[in-house]
Amino acid sequence: MAQIVSSETIEGVHVITPDVYGDDRGFFVETYRREWIPDGSREMVQANRGDRQSGCIVGLHYHLHQADYWYVPFGTVRVVLHDLRSGSPTEGATQHTDLRGNEHRGIYIPPGVAHGFASLTDATITYLVDNYYNPSDELGVAWDDPEIRADWGVVNPTLSARDQSNPYKKDIPEVDQPRFGLRN
């Protein structure tokens, strides 16, 4: 049975450590089960994979209508989460969690929680989402926003042009501000 730990920092975030079965041939692990998410999550409908070199930062991104489940099969990433949801009991909280391929942990991220990761080593990250890609729901907040106080664990990171141009939290347009408990 997987170990499921609900975040004490951000409401609705869960870190899952599944069982690993191994022998002299290698190992087997279930990396995700819908039943592991206590909040009655929706069906995950799309799977993605990203390979990143050490020193890269991806994010901070967020969605109004999509949850993510991340798993790192190779390498180490520092996950940074920030609760942007107005009315959330943990509104404004920031969480840092390292995911290492040899630990086989996953993290569930609800809509409205900004999320990003820094590759502390060369790494592969897989992520499941409960909504198909929708460019109008691909939102972002500045990775270096002083209000968020993210500790990425890297110096002189490599970022995409998109992630370099995300607005500060205080400059997010009203229409793009997530609200706790609202989701389509």
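The values are calculated or read from the model by the stated rules, or taken from the named source; none is laboratory data. Just so it is clear, the structure is predicted and the values come from calculations on it, not from any experiment. Counting neighbours? That spans all protein chains shown, and the Cβs are built from the backbone with ideal geometry, glycine included.
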Expected single match for over 18 Å from Ser7 (Cα atoms) and under 14 Å from the mean Cα position of the chain (by Cα) among Val72, Val154 is Val72
With the first residue restricted to the stretch 1-17 and required to be closer than 16 Å to Val80 by Cβ and at pLDDT 95 or above, and the second required to be of a type in the set (Asp, Glu) and in a strand (DSSP E or B), Cβ contacts under 8 Å at 6 or more apart or on different chains are Ile10/Asp83
Expected single match for touching a residue at least 12 places away in the same chain (Cβ under 8 Å), over 26 Å from Glu35 (Cα atoms) and of a type in the set (Phe, Trp, Tyr) among Tyr168, Tyr69 is Tyr168
State yes or no: is Arg49 within 19 Å of Asp98 (Cα to Cα) and loosely packed, with under 15 Cβ neighbours inside 10 Å?
yes
Of those in the stretch 106-126 that are surrounded by fewer than 21 Cβ atoms within 10 Å (Cβ to Cβ) and under 15 Å from the mean Cα position of the chain (by Cα), the residue nearest to Lys169 (Cα to Cα) is Thr126
All-but-one check, Ser119 against (1) in contact with a Ser or Thr (Cβ under 6 Å, 6 or more places away or on another chain); (2) modelled with pLDDT of 95 or more; (3) under 20 Å from Val13 (Cβ atoms), failing number (3)
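Residue by residue, here is whether (1) under 23 Å from Gly75 (Cβ atoms); (2) at pLDDT below 95; (3) under 16 Å from the mean Cα position of the chain (by Cα) holds:
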{"residue": "Gly22", "(1), (2), (3)": "yes, yes, no"}
{"residue": "Glu30", "(1), (2), (3)": "yes, yes, no"}
{"residue": "Pro38", "(1), (2), (3)": "no, yes, no"}
{"residue": "Cys56", "(1), (2), (3)": "yes, no, yes"}
{"residue": "His61", "(1), (2), (3)": "yes, no, yes"}
Across (1) at pLDDT 95 or above; (2) surrounded by fewer than 16 Cβ atoms within 10 Å (Cβ to Cβ); (3) of a type in the set (Val, Ile, Thr), Ile148 clears everything bar (2)
If we ask which residues in the stretch 163-184 are over 18 Å from Leu81 (Cα atoms) and at pLDDT 95 or above, their number turns out to be 2
- Does at least one position in the stretch 52-62 carry a residue that is farther than 12 Å from Val113 by Cα, surrounded by fewer than 17 Cβ atoms within 10 Å (Cβ to Cβ) and of a type in the set (S, T, N, Q)? yes
Here the residues within the stretch 79-138 that are of a type in the set (A, V, I, L, M) and part of a loop (DSSP other than H, G, I, E, B) are Leu84, Ala93, Leu120
| In this structure, is Met44 touching a residue at least 40 places away in the same chain (Cβ under 8 Å), outside any strand (DSSP E or B), of a type outside the set (D, E, K, R) and farther than 18 Å from Asp83 by Cα? | yes
